[in-house]
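Below is one structure, written out as structure tokens; comments come after it.
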Amino acid sequence: MTSLFLAVPDRPGLPAALAARGIAVGKAPDLRDAARLGWLAPDAMPAAVLAELGDGPPRALLTPGDDQAQIAALDAGADAVFAARQSDALIAAQLATLIERCNRARLTIGELVIDPVERRVWRGGRAIDLLPREYRLLAELARCPGRPVSRQHLLERVCGLAFEPGTNVLEVHVSRLRAKLDRGFPVPLVRTEKGFGYRLATGVEPARASG
């Protein structure tokens with residue numbers, strides 16, 4: 001069953017409608033790997049409400065129904081917006097479709113989740129902000145998790161270099177990716193294959209294999 005962090009007041013019938021769609025409602029904002037639905041009050045700032053909801057994906061907002069409020073919510077980064085006038089059953093059906101679409105698009109490798117559509121990354125439910133080249137590096141490694149990817153391949157696909165530059169440009173990107181991806185976790189995911197390149201660990205390998 002899919003989990004959903006629900007932060008919408010005065011909709012007592014919504015949890016039952018969600019449950020009928022296979023969506024279990026939770027109350028903890030740090031609920032791991034859960035979708036999120038929040039209430040955008042008339043005087044609230046969409047970005048602030050989304051920040052309070054935490055990291056999805058996806059994150060949706062319920063609004064009073066004003067078009068400008070819905071546009072502002074989407075511009076602030078909401079994955080979907082629903083109007084308060086909609087029935088609980090309709091909101092639940094739309095949320096179920098949204099969650100299913102996001103789940104199909106996302107790549108999950110152990111506790112690592114990559115959304116190739118939005119270019120967003122999570123590890124252990126925590127969002128990780130990556131720069132474009134850091135994301136491209138991770139995406140290339142994630143094409144074949146657990147298997148080595150050559151340094152030359154990464155230079156071409158990540159740095160746009162079809163030759164050996166004689167610098168540590170790739171190593172700099174790897175170091176920055178590691179700093180963001182592995183910080184706070186006991187097992188590093190980006191491993192060095194000495195004399196060849198790098199690989200993305202699946203998350204079940206021992207920490208001593210890092211390099």
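The values are calculated or read from the model by the stated rules, or taken from the named source; none is laboratory data. Predicted model only: the values in this text are computed from it and were never measured. Every residue, glycine as well, gets a Cβ built from its backbone with ideal geometry; the counts of neighbours run over all protein chains shown.
Some points to look at:
- Verdict on Leu40 being out of contact with any Leu (no Cβ under 6 Å at 6 or more places or on another chain) and surrounded by 21 or more Cβ atoms within 10 Å (Cβ to Cβ): no
- Selection status of Gly166, in contact with a Ser or Thr (Cβ under 6 Å, 6 or more places away or on another chain) and either at positive phi or free of Cβ contacts under 8 Å to residues at least 24 places away in the same chain (or both): no
- For segment 158-191, the set of residues classified as at pLDDT 85 or above, farther than 21 Å from Val113 by Cβ and surrounded by fewer than 18 Cβ atoms within 10 Å (Cβ to Cβ) consists of Asn168, Val169, Glu171, Val172, Ser175, listed by residue number.
- Test for Leu138: is it in contact with a Phe, Trp or Tyr (Cβ under 8 Å, 6 or more places away or on another chain), assigned to a helix (DSSP H, G or I) and surrounded by 15 or more Cβ atoms within 10 Å (Cβ to Cβ): no
- Top-ranked residue in segment 48-81 [being more than 16 Å from the chain's Cα centre (by Cα), assigned to a helix (DSSP H, G or I) and of a type in the set (Gly, Ala, Ser); ranked as farthest from Val121 (Cα to Cα)]: Ala69
- Qualifying residues in segment 14-37 (those that are of a type outside the set (A, V, I, L, M) and crowded, with 19+ Cβ neighbours inside 10 Å) - the one modelled with the highest pLDDT: Arg21
- Count of residues meeting criterion [over 11 Å from the mean Cα position of the chain (by Cα) and over 22 Å from Phe185 (Cα atoms)] in segment 106-132: 1
- Hey, Leu112 touching a Gly at 6+ places or on another chain (Cβ under 7 Å), of a type in the set (A, V, I, L, M, F, W, C) and at pLDDT 90 or above or not: yes
- Comparison of Ala76, Ala35 shows that the only residue that is under 15 Å from Thr2 (Cα atoms) and not assigned by TED's automatic domain parsing to the domain that holds Leu131 is Ala35.
- Of all residues making up segment 53-70, the number that are at pLDDT 85 or above and surrounded by fewer than 18 Cβ atoms within 10 Å (Cβ to Cβ): 3
- When Glu134 is tested against (1) modelled with pLDDT under 90; (2) more than 23 Å from Ile23 (Cβ to Cβ), exactly one condition is not met: (1).
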